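Chemist: Starting off with a structure, shown below.
The values are calculated or read from the model by the stated rules, or taken from the named source; none is laboratory data. What you are looking at is a predicted structure, and each value in this text was computed from that prediction instead of being measured. Here the Cβ positions follow ideal geometry from the backbone for every residue, glycine too, while neighbour counts run over all protein chains shown.
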Amino acid sequence: MKIALVIGHNERAQGAVRATDGRTEYDWNGDLAEMIRDLDPEAVRVFRRTPEGGYSREIARVYGEVDAWGADVSLELHFNAATPAAHGCETLSSGTRGSLALCRAVQESIVNGMPVRDRGVKVRGRGDRGGASLWAGRAPAALLEPYFGSNADECHMADDYKSVLAEAIYTAAAQAARQCSAAT
């Protein structure tokens, strides 16, 4: 069983900034990824996007590394940002059978573990925002948006439940990865 965690964004373009403490998606999710990896260091590997060559090359490069490692599933870690009132958890899928199964399991696990509104699983095409990450690799993929960093209450909730979030992501991803590795 192999679970790939891709940190959303990169060290140069770090993504959205949290309303409470100014931490970026890249920074906050780097910590979350390490928490998840620590739950099963043999099965989980963390991958970081590098900014050389533009967005398309960045995505192709990191998912090429994920494929070379032989991941059974991949999850790209983000958080949402919009208005201060926006709230909830959503998971993005390519719409393939494996991706949908992974995304539904992760979404359910997160909303069952945290007091967060269920915004559901949303399908993205290759050209849609977030779609490149979902279609670039061989393994079923999910792009996670577990809360809104633009909402101070959700930032506090995410901090309070960060270990629960890590466990929820790992548990659902491990279940999906075991199913994928058993099917091959």
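Chemist: So which of 1, 35 is within 16 Å of the chain's Cα centre (by Cα) and touching a residue at least 40 places away in the same chain (Cβ under 8 Å)?
Modeler: Values: 1 fails: within 16 Å of the chain's Cα centre (by Cα).
35 is the lone residue from the list that is within 16 Å of the chain's Cα centre (by Cα) and touching a residue at least 40 places away in the same chain (Cβ under 8 Å).
Chemist: Quick one: would you say residue 31 is charged (D, E, K, R), surrounded by 15 or more Cβ atoms within 10 Å (Cβ to Cβ) and not in a loop (DSSP other than H, G, I, E, B)?
Modeler: Numbers: charged (D, E, K, R): yes; surrounded by 15 or more Cβ atoms within 10 Å (Cβ to Cβ): no; not in a loop (DSSP other than H, G, I, E, B): yes.
It is false that residue 31 is charged (D, E, K, R), surrounded by 15 or more Cβ atoms within 10 Å (Cβ to Cβ) and not in a loop (DSSP other than H, G, I, E, B).
Chemist: Among the residues of the range 4-24, how many are over 25 Å from residue 177 (Cα atoms) and either of a type outside the set (A, V, I, L, M) or surrounded by 19 or more Cβ atoms within 10 Å (Cβ to Cβ) (or both)? Before you say what the answer is, go through the steps one by one.
Modeler: Quick first cut of the range 4-24, residues over 25 Å from residue 177 (Cα atoms) only: 10-24.
Remaining after also requiring either of a type outside the set (A, V, I, L, M) or surrounded by 19 or more Cβ atoms within 10 Å (Cβ to Cβ) (or both): 10-12, 14-16, 18, 20-24.
Result for the range 4-24: 12.
Chemist: Being in contact with a Lys or Arg (Cβ under 6 Å, 6 or more places away or on another chain) and either modelled with pLDDT of 95 or more or hydrophobic (A, V, I, L, M, F, W, C) (or both) is the requirement here; does residue 67 meet it? Quick ask: steps written out before the conclusion?
Modeler: Working: in contact with a Lys or Arg (Cβ under 6 Å, 6 or more places away or on another chain): yes; either modelled with pLDDT of 95 or more or hydrophobic (A, V, I, L, M, F, W, C) (or both): yes.
When the stated conditions are applied, residue 67 passes them.
Chemist: Let me ask something additional. Check off (1) modelled with pLDDT of 95 or more; (2) at negative phi; (3) not hydrophobic (A, V, I, L, M, F, W, C) for residue 52 and give me the number that stays unchecked.
Modeler: (1)
Chemist: Applying the selection to the range 43-65, what residues are assigned to a helix (DSSP H, G or I) and not basic (Lys, Arg)? Working first, answer last.
Modeler: Of the residues in the range 43-65, the ones assigned to a helix (DSSP H, G or I) are 55-65.
Passing the criteria: 55, 56, 58, 59, 60, 62, 63, 64, 65.
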